[in-house]
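What follows is a short report on a single structure.
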Amino acid sequence: MRTTIRLSLLLGAASASLAFAGSALASFAPKLVVSSAAPQAAGGGGPTRLGVIANNADDPTFRVAIYIPSGYQIGTPAPGKLGDVTATAAAADLGGAVLPLTGELDAIAPTATTNATAAQCQVSPAQTWDLHLTAAGQTLDVPMFVVAGTAAEAAAGFQTKLVVCLPPPDVPVGTPGRATFGAKLLSATFASSAITQPSATGDFRWTSLWTPYIPTRGVPNPAGSVEVQSLRHIPTQVALTVTKKKVTATIKKRVKGKIRKVKKVTTLVRFSSKVTENGAAPSAATITTTAAGKRVGAASGSFVLASGKSATVAATAVVDSDTGAVPTGTPANAAADLFYHDLGAGGCVITAGLFNNAPCTNATVGGETIKASSVVKGFR
């Protein structure tokens, strides 16, 4: 959104409003979800997929800073596309209608507009990215800044952060810097080829600091800031074991008009599969097994192959996808939603030394779908 926020004035006004902002009436419960853009094997690296969620009933979001844990690699791409973006926003100017937004994440050269936004967002970016979105015939550009971590952030294990500042959606129409359509961010998900997953195994905890606005006033509320996290257990894998046994039976069969005893050979195939995240059991997993494209069971079971036949046995595991999803905004794309397992506040660990003791309110484990397959040939 090519709008700017007079941050220094807003922060000054916010300082005088903290008593109001910290009241029990405030509501702010965002979520962060981190997964992979493609299933990852051990040492596989690969691009990262991120998602965020904010509730429509909550205070609007002013600023989001997402901290990338050490182990992830941040590239310095040439200007161009880094990945696809989907988002949803509630548009006050359209009667509160929830708009689906689609577009792409681009690396761009800084412009006068993005430099002004960075200054007002109080960051000195190493790179400038752009969430280039379209909705209802309008083009919306949301700058995203790649910022080197401070000494304290690096000491806490975060070398880099992604920072976005959003314009206020609920101030009166005509207010300078108001969000286009009065659009309030509800969700966004994007993949980035410039953020590469660790090649080493391990547990990686992403964190983020969210700061809301004071509703209807367009003033940031630093006292309402919350820490929100997402965990990645690398690698997430499904191991498939397939065994076969030759079964010979004597049956009666009509041969040239006569009933004869003949041998019938079949193959009893047994299968079992197991999902692990960095060697441990996941929070949630559902496994479906198919043979030659037909469902033959869940995580374990058996089936019979006719003599001389062969089949590909495939185990598909849907992992950590049982609680909710970052929506694409269109039912037709529901399968592309970014699913997650919600750990709640109990899974959130305050990052010591950062964020001025902001409460840690939520943690998730990003979901993914992984597969393993094996070709089995039947006995003759």
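The values are calculated or read from the model by the stated rules, or taken from the named source; none is laboratory data. What you see is a predicted model; the values in this text were computed from it and never measured. Positions of Cβ are generated from backbone atoms using ideal geometry, with glycine treated the same way; all protein chains shown enter the neighbour counts. With ligands, DNA and RNA removed, areas are computed over all heavy atoms of the protein, side chains included. Shrake-Rupley method; radii C 1.70, N 1.55, O 1.52, S 1.80 Å.
One table, with the values for the structure above:
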read-out: Matching residues, the stretch 189-203, being open to solvent by less than 30 Å² (accessible area, probe 1.4 Å) and more than 14 Å from the chain's Cα centre (by Cα); value: Ala194, Pro198, Gly202
read-out: Odd one out for Phe145, checked against (1) farther than 15 Å from Arg63 by Cβ; (2) open to solvent by less than 60 Å² (accessible area, probe 1.4 Å); value: (1)
read-out: Residue match in the stretch 274-283 (condition: in a strand (DSSP E or B) and in contact with a Phe, Trp or Tyr (Cβ under 6 Å, 6 or more places away or on another chain)); value: no
read-out: Within the stretch 280-292, considering residues that are in contact (Cβ under 8 Å) with a residue 12 or more places away in the chain and open to solvent by 60 Å² or more (accessible area, probe 1.4 Å), the one nearest to the chain's Cα centre (by Cα); value: Ser283
read-out: Meets criteria (open to solvent by 50 Å² or more (accessible area, probe 1.4 Å) and either in contact with an Asp or Glu (Cβ under 6 Å, 6 or more places away or on another chain) or not in a strand (DSSP E or B) (or both)) for Gln122; value: yes
read-out: Exclusive hit being open to solvent by 20 Å² or more (accessible area, probe 1.4 Å) and either closer than 22 Å to Pro198 by Cβ or in contact with a Lys or Arg (Cβ under 7 Å, 6 or more places away or on another chain) (or both), set Ile74, Ile108; value: Ile74
read-out: When residues of the stretch 137-177 are limited to those that are part of a strand (DSSP E or B) and more than 23 Å from the chain's Cα centre (by Cα), the one modelled with the highest pLDDT; value: Thr139
read-out: Residues that are open to solvent by 50 Å² or more (accessible area, probe 1.4 Å) and touching a strand residue (DSSP E or B) at 6+ places or on another chain (Cβ under 9 Å), drawn from the stretch 125-137; value: Ala126, His132, Thr134, Ala136
read-out: Any chance Ala317 is within 26 Å of Gly45 (Cα to Cα), open to solvent by less than 20 Å² (accessible area, probe 1.4 Å), part of a strand (DSSP E or B) and in contact with a helix residue (DSSP H, G or I) (Cβ under 9 Å, 6 or more places away or on another chain); value: no
read-out: Boolean, Ala29 is surrounded by 14 or more Cβ atoms within 10 Å (Cβ to Cβ) and at pLDDT 95 or above; value: yes
read-out: Options Gly297, Gly257: the member that is open to solvent by 30 Å² or more (accessible area, probe 1.4 Å) and of a type outside the set (Ser, Thr, Tyr); value: Gly257
read-out: Pick from the stretch 84-119, criterion in a strand (DSSP E or B) and charged (D, E, K, R), ranking: farthest from Ser187 (Cα to Cα); value: Asp106
read-out: Any hit, the stretch 340-348, residues being closer than 25 Å to Pro100 by Cα, of a type outside the set (D, E, K, R) and open to solvent by less than 50 Å² (accessible area, probe 1.4 Å); value: yes
read-out: Test: residue in the stretch 52-62 that is touching a Ser or Thr at 6+ places or on another chain (Cβ under 8 Å), modelled with pLDDT of 95 or more, under 14 Å from Phe204 (Cα atoms) and among the aromatic types (Phe, Trp, Tyr); value: no
